[in-house]
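Step one of this worksheet: look at the structure below.
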Amino acid sequence: MEVEQLYGDQVRIVGVPGLANERQMIQFVEGTGSDALTHVPDDDGEIWTRFGVMQQRTYVFINDDGAWRTSGYGSLQEDVEGLIAQ
């Protein structure tokens, strides 16, 4: 994943497939070649619910003090670059 290659030393990217079990997550990771990223299964939707995620392709940005915000309508790379610039 290009964003991980560009900014992996400054941010950690974690994939959380909502309502997917571990087997489904592994199939997705293998199919997309995103095995360089950390992935956490969320088969009961608890993580998505905690952060108010309602749909795929939502990004949750969590800073060092635990404050967070969501995004998902733009480019992940642009969002990450904006956060780094702050």
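Rounded to the nearest 0.05, what FRET efficiency do A85 and I26 give with R0 = 30 Å and r taken as the Cβ-Cβ distance? Could you check?
That pair, A85 with I26, gives E of 0.30.
With the cut-off at 1.5 for a/c, could you classify the chain from its C-alpha gyration tensor as rounded, prolate or oblate?
Oblate, because a/c is 1.5 or more while a/b does not exceed b/c.
Quick check: residue separation of R57 and Q77 times 0.36 nm, minus the Cα distance between them. What number comes out in nm? Could you put the intermediate results ahead of the total?
On the way: separation 20, 0.36 × 20 = 7.20 nm, distance 1.29 nm.
In short, 5.9 nm is gained.
Per DSSP helix of 4 or more residues, -39500 (n - 2.57); summed, then divided by the residues of the chain. What does that give at 222 nm, rounded to the nearest 500?
For the chain, the value works out to -10000 deg cm²/dmol.
Quick check: residue separation of S34 and R50 times 0.36 nm, minus the Cα distance between them. What number comes out in nm?
Working: separation 16, 0.36 × 16 = 5.76 nm, distance 2.40 nm.
Separation in residues times 0.36 nm, less the Cα-Cα distance, equals 3.4 nm.
Laboratory data are not the source of any read-out in this text; all were calculated from the coordinates shown. No experiment lies behind these values; they were computed from the predicted model shown. Note that each Cβ is placed from the backbone with ideal geometry, even for glycine, and that neighbours are counted across all protein chains shown.
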